[in-house]
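Since the structure comes first, as structure tokens, the remarks are kept for the end.
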Amino acid sequence: MVVAIIGILASVVLASLNIARGKGTAAAIKSNLKNMIPQAELSYDTPGNYSAACASVQAMLDAITDSGASSSCLSYNNSGLSDVYIRWGASGIKGTSTPIQAWSSSPVGAATWDVQGVNSSGVFVSSDTYMNWDTANTACGIAGGRLPTMEELKTLTDATYIASGNATRTPPGFVADYYWSSTAVPSNSTWAYSVDMTSGNIGDGYKATDSYVRCVR
């Protein structure tokens with residue numbers, strides 16, 4: 001009887017330690033992503049763009065990796081779309097199990113990825129849904145969040161690829177298809193960026209067309 005009681009108490013203590021450890025890891029990831037924002041802004045000053053942003057936050061990306069998570073950073077460069085290092089974004093993901101445990105950072109701010117999708121009315125649903133860009137922005141706002149930037153989406157797929165051992169780019173709970181970002185294409189106001197959660201490819205298309213949606217907050 002005594003041995004059984006000790007075993008039960010040990011199991012309770014171990015579970016509590018695992019929960020505390022998980023919360024500590026999440027806090028460390030979020031802290032590093034938040035601290036990237038002022039560091040990336042400092043890197044902007046000399047060239048007048050974010051071309052050096054990811055290099056400037058490398059120590060924080062390494063700290064996320066050291067905490068047992070996976071991370072990625074991007075500052076997009078596409079002269080054909082008049083989009084040359086205008087923004088940056090980074091993401092960290094802890095494992096690849098559902099529900100997703102992922103966070104991102106960009107000039108817009110640090111954010112946590114929702115574990116559920118939203119419908120066009122901004123109501124949480126079990127599976128991500130399809131809608132046009134304007135509706136997507138409104139739906140995320142109603143749900144109390146925002147649509148992620150293109151760099152946040154892209155680095156989420158890249159971090160997932162690392163976390164999965166190069167097995168998949170589709171984050172846990174996502175559909176293997178294109179997702180809307182909040183980022184409009186600078187050279188064409190009727191276009192916005194989306195990211196394919198199958199390949200990680202960055203797409204640009206008309207805002208009036210439909211793509212999947214997942215919000216951050």
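Derivation of every value follows stated rules applied to the coordinates shown; laboratory data play no part. As the structure is a computational prediction, the values presented were derived from the model and not from experiment. Here the Cβ is made from the backbone with ideal geometry for all residues, glycine too, and neighbour counts use every protein chain on show.
Remarks
- Estimated at 0.36 nm per residue, the fully extended path between residue 166 and residue 116 surpasses their Cα-Cα distance by 15.6 nm.
- Using 0.36 nm per residue and subtracting the Cα-Cα separation, the extra length available between residue 62 and residue 46 on full extension is 3.4 nm.
- Dimensions of region 43-168 from C-alpha coordinates, computed as largest minus smallest value along each principal axis and given longest first, are 43, 35, 24 Å.
- Net charge, residue 150 excluded, C-beta distance under 10 Å - Lys, Arg +1, Asp, Glu -1: -2
- With neighbour counts taken as other beta-carbon atoms within 10 Å, the residues 169, 146, 87 rank, fewest first, as 146, 87, 169.
- Backbone amide hydrogens, once placed in the peptide plane, bring residue 183 within less than 5 Å of 150, 193, excluding anything fewer than 5 places away on its chain.
- If only the Cβ of Lys and Arg carry +1 and only the Cβ of Asp and Glu carry -1, the dipole of the chain around its Cα centre is close to 580 debye.
- In plain terms, the residue of 183, 25 with the fewest other Cβ atoms within 10 Å comes first and the most crowded comes last, giving 25, 183.
- Region 2-212 gives an Rg/Rh value of 1.04, both radii derived from C-alpha positions and Rh following Kirkwood.
- Working from Cα pairs under 8 Å separated by at least six residues, relative contact order for the chain is 18 percent.
- Burial ordering of 93, 202, 86, fewest other beta-carbon atoms within 10 Å first: 86, 202, 93
- Distance from region 40-111 to region 113-165 (C-alpha centre basis), Å: 17
- For residue 140, the shell of other residues with beta-carbons less than 14 Å away shows a net charge of -1, using +1 for Lys and Arg and -1 for Asp and Glu.
- In order along region 157-164, the Karplus-derived 3J(HN,Hα) couplings, from 6.51 cos²θ - 1.76 cosθ + 1.60 at θ = phi - 60°, round to 5, 5, 5, 5, 4, 5, 5, 8 Hz, and Gly and Pro are given as x.
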